[in-house]
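Peer 1: So that we are looking at the same thing, I have put the structure below in structure tokens.
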Amino acid sequence: MSAAGNILPPRRPPSWWRRNRVALIALALLVPLTFGVIGAREWWTRFEDRPVFPSEVSVGEVTAGAQWAGAEITDITARVDRDVPEGTRVLLVRLDVEPLQDAVGCRNPVLRELDGEHREWSAASGSLMPRGADAVTECPDDSAAPFELVIPYVVPADAGALALDVDVAVIRPGFLRFPLG
């Protein structure tokens, strides 16, 4: 037997793909993960100062540094001295608030439709209030005394079940939701 017969052909070195397979797998996992983390951080930063997560509150419940009671809604269209657009009604929402220790800061409460089109309405002009009634549309930031939110809203006559959404600073990005009868 000749010596040349036992010699195997030289082995080819592994391909670039084989040599770098661990790094390529790590890269395939880390690139989407990086973009996901960056996107989630940007989303949270954008919405951390906006109310996003509702917390339904029942009458008399203590939350967000206050006791919230008496969420009522009344149709006052007939008692308004001004002309109301056709096909709408004026609703007056009342909510008793008793701060526990410090002042309760809240932004303009929004009236939201819970079913149907999920529409929402901001407070209407205080000039729609009946004579002798004052509109208190925000929580006073400088007083820990009990107060009553009294807010008029102009809504379409076909609006469905409603709730009052109150953006309280201490629970943001959450907000309080008061279902109205």
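Peer 1: Could you report the chain's accessible area per residue, 1.4 Å probe, as an integer in Å²?
Peer 2: 65 Å²
Peer 1: Another one. Picking from L29, A64, L100, whose Cα lies most toward the positive end of the charge dipole for the chain (charges on Cβ: Lys, Arg +1; Asp, Glu -1)?
Peer 2: Result: L29, furthest along the dipole toward the positive end.
Peer 1: A further question follows. For the stretch 49-131, which trypsin sites (Lys or Arg not before Pro) are both in a DSSP coil and crowded by at most 11 other Cβ atoms within 10 Å?
Peer 2: R82, R131
Peer 1: Ignoring ligands, DNA and RNA, what percent of the accessible area of the chain is carbon or sulfur (1.4 Å)?
Peer 2: 55 percent
Peer 1: Another question about this same structure. What percent of all Cα-Cα pairs in the stretch 53-104 falls into each 10 Å bin, going from 0 up to the bin containing the maximum distance?
Peer 2: In order of increasing distance, the bins hold 22, 35, 23, 20, 1 percent.
Peer 1: Further question on the same structure: Report the relative contact order of the stretch 50-131, percent, no decimals, based on alpha-carbon pairs under 8 angstrom and at least 6 residues apart.
Peer 2: Relative contact order comes out at 26 percent.
Peer 1: Quick check on the chain: what are the equivalent-ellipsoid semi-axes from the Cα gyration tensor, as sqrt(5λ), descending, whole Å?
Peer 2: Working through the eigenvalues yields semi-axes of 64, 20, 12 Å.
Peer 1: Relative to the longest principal Cα axis of the chain, at what angle does helix 21-47 sit, 0 to 90 degrees, rounded to 10?
Peer 2: 10 degrees
Peer 1: Between beta-carbons, use under 14 Å as the cut-off and find the net charge around D96, counting Lys and Arg +1, Asp and Glu -1.
Peer 2: -3
Peer 1: Return a whole-number percent for the relative contact order of the chain, with Cα pairs under 8 Å and 6 or more residues apart as the contact set.
Peer 2: Taking the mean separation of contacting Cα pairs over the length of the chain, I get 26 percent.
The values are calculated or read from the model by the stated rules, or taken from the named source; none is laboratory data. These numbers were taken from a predicted model, which means no experiment stands behind them. All Cβ positions, glycine included, derive from the backbone under ideal geometry; neighbour counts span all protein chains shown. In case anyone asks, the SASA skips ligands and DNA or RNA and just uses the protein heavy atoms, side chains included. Shrake-Rupley method; radii C 1.70, N 1.55, O 1.52, S 1.80 Å.
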